[in-house]
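So the structure is just underneath, and the comments pick up after that.
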Amino acid sequence: MGAVFANQIRAAIAFVGDGTRDSFPFDFDVFDAGDVRISIDGTETDTGFHIALTPADQGGGGVVRFETPPANGSTITIARQLHLRRLSSFDAMSIPRGDALERDLDFMTAALGDVDRALSGALRFGADQGEGASAELPVIKPGRALIWNADGTGLANGPTADDIAVASHKASQAQDAANRAEAAESRSETALASFERSTASAMLELDFRSGDVLAWEDERRMPVIDAPVSRIMDIRETGSMVRLSSGAQLTLPAASVARNGVRFRAFNSDGTMVDIATASGDVIRPTNGGAEVTVYPLPTRGDMVDLVCDGTRWFAAPIHESGPVVKLLRTASQSIPAGGAFLVEWDQVIEDSHGLYDSAVHGVTGLPPGFYHVDIGVRFPITDQSVFTTLSLERFDGTDWSSHLQANDITAMGSGAAHSLRLNGIARINPTPGTGLRLRLSHSDAQTRDIGASGLLTWCHIHRIGG
């Protein structure tokens, strides 16, 4: 059996030069030094080397020795390329020798193996395809692409490179038009919603037990989105005010022509580390001269930023009128009359950056016009009876107090425990004299109830979020 059958797996080998090595062995069988092809970095060369073949009975293969070592990092490829030819000649009267026949059969098998390997890299029909189709090339037409005909039965000349470029440009124009149409649709929907909700108020009826309230509408008739967990914004929410809390991350939509002019206002409402992230590949450029970033942090309670897209990137405009206004605590218990409403009295002023706390009304008065984020919690002990409770944030307009924001809940039943009522919202202060805010609590029980004594769980925190 010829040596070629012991070495049919590959008929090529590659090395990487180091600038000093000049000898490179190969172990596949060849029948003549002319069957060896040498390439350096993909370029075939036929000079500058010598080939020494190893006799077949000693293992076959051989060694290529270069007169000058190939350069460091260069790729040296040694491959076999057999040209079909006869190695022996037999006349009608001679008796062929076994070794000659064996050598001829080895050569034919190796040559066919090389052809098989070459065909494996050629384009070909799949096993379940090609029925009734022809791969014959059409008449050559310079600059044309090669495509399948409309019936899928043969190849044909397709469009030119210029035709393809024009089609790509038209597709880009169509996409741009679609983006602009989407932006126009979003603006018209926003305008329609503003027109239809012209009588909207800031009164809230929220069920805080469910924990799934995402948004409401403030008195500007714009959505206020509550994002206590990570949230991805949408183009249709442009103009929204987003309240971030509990370490949430706000992800902006990808910057595009359709989002030119889209804006959001985000603020940190509870002091945890919250931040704003961009879509993949986009950046946020701070208007105060900071470096472009992909994540914009809002680490401090009251931090606020306007985010505006110009069609290619997002801009962050920090708002400096935010910050704490007043934080009040109720640490001692306070009785609430049976079935009545009671004004919550605050016994500790933790923060009062503007001197606005008014002990005469147990609230804040003289607030400058603008929008304020209100975060209120009341610790309410539960009993063996479930009661309906209401938290009302009252606003003073210079003449009288009236309910402005409201939260309702039903307490649980039990003993030795407490129920926490929570009210969050955006309050608006009008430019009228004597404006203020205070908290009133009511319940439906026929017995007197108490606000539980706690140094942490009954609070009123107000900070300014916009003029």
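The values are calculated or read from the model by the stated rules, or taken from the named source; none is laboratory data. Keep in mind that this is a model prediction, so the values were computed, not measured. In this analysis, Cβ positions are derived from the backbone assuming ideal geometry, glycine residues included, and neighbour counts consider all displayed protein chains. Just the protein is used for accessible areas: all its heavy atoms, side chains included, with ligands, DNA and RNA removed. Shrake-Rupley method; radii C 1.70, N 1.55, O 1.52, S 1.80 Å.
Structure summary
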{"quantity": "Spacing of the two label points (7 Å from each Cα toward its C-beta) at VAL166 and ASP41, in nm", "calculated": "4.2"}
{"quantity": "Residues of segment 61-75 with amide N under 17 Å of the 7 Å Cα→Cβ point at ALA12", "calculated": "75"}
{"quantity": "Cα convex hull of segment 123-177 - mean projected area over all directions, nm²", "calculated": "5.4"}
{"quantity": "Added length on full extension, which subtracts the Cα-Cα distance from 0.36 nm per residue, SER230 to ALA360", "calculated": "42.6 nm"}
{"quantity": "Segment 257-416 - percent relative contact order, Cα under 8 Å, separation 6 or more", "calculated": "15"}
{"quantity": "D (Stokes-Einstein, µm²/s), Kirkwood Cα radius, segment 317-467, 1.567 mPa s at 4 °C", "calculated": "82"}
{"quantity": "ARG144 - accessible surface, heavy atoms, 1.4 Å probe, Å² rounded to 10", "calculated": "110"}
{"quantity": "Gyration tensor over alpha-carbon atoms, segment 23-75, equivalent ellipsoid semi-axes in Å", "calculated": "21, 11, 10"}
{"quantity": "Under the Debye formula (equal points on every Cα, no solvent term), log10 I(q)/I(0) of segment 276-362 at q = 0.13, 0.15, 0.16, 0.22 Å⁻¹", "calculated": "-0.64, -0.70, -0.74, -1.05"}
{"quantity": "Reference-scaled alpha-carbon Rg (2.2 N^0.38 Å with N residues) for segment 315-385", "calculated": "1.44"}
{"quantity": "Heavy-atom SASA rank of SER333, SER245 (probe 1.4 Å, accessible area, largest first)", "calculated": "SER333, SER245"}
{"quantity": "Surface per residue (accessible, 1.4 Å probe) for segment 311-467, Å²", "calculated": "41"}
{"quantity": "Charge dipole (debye, nearest 20) of segment 358-428; +1 at Cβ of Lys and Arg, -1 at Cβ of Asp and Glu", "calculated": "160"}
{"quantity": "Residues whose placed amide H lies under 5 Å from that of HIS404, excluding near-sequence neighbours", "calculated": "LEU393, GLU394, ARG395"}
{"quantity": "Which of PHE125, PHE31, PHE264 is most accessible, then next, and so on - probe 1.4 Å", "calculated": "PHE125, PHE31, PHE264"}
{"quantity": "Taking the C-alpha atoms of segment 225-345, convex hull volume expressed per residue in Å³", "calculated": "137"}
{"quantity": "Projected-area average for segment 382-450 over all orientations - Cα convex hull basis, square nanometres", "calculated": "5.3"}
{"quantity": "Nearest-20 debye value, segment 11-80 charge dipole, Cβ charges on Lys, Arg, Asp, Glu", "calculated": "120"}
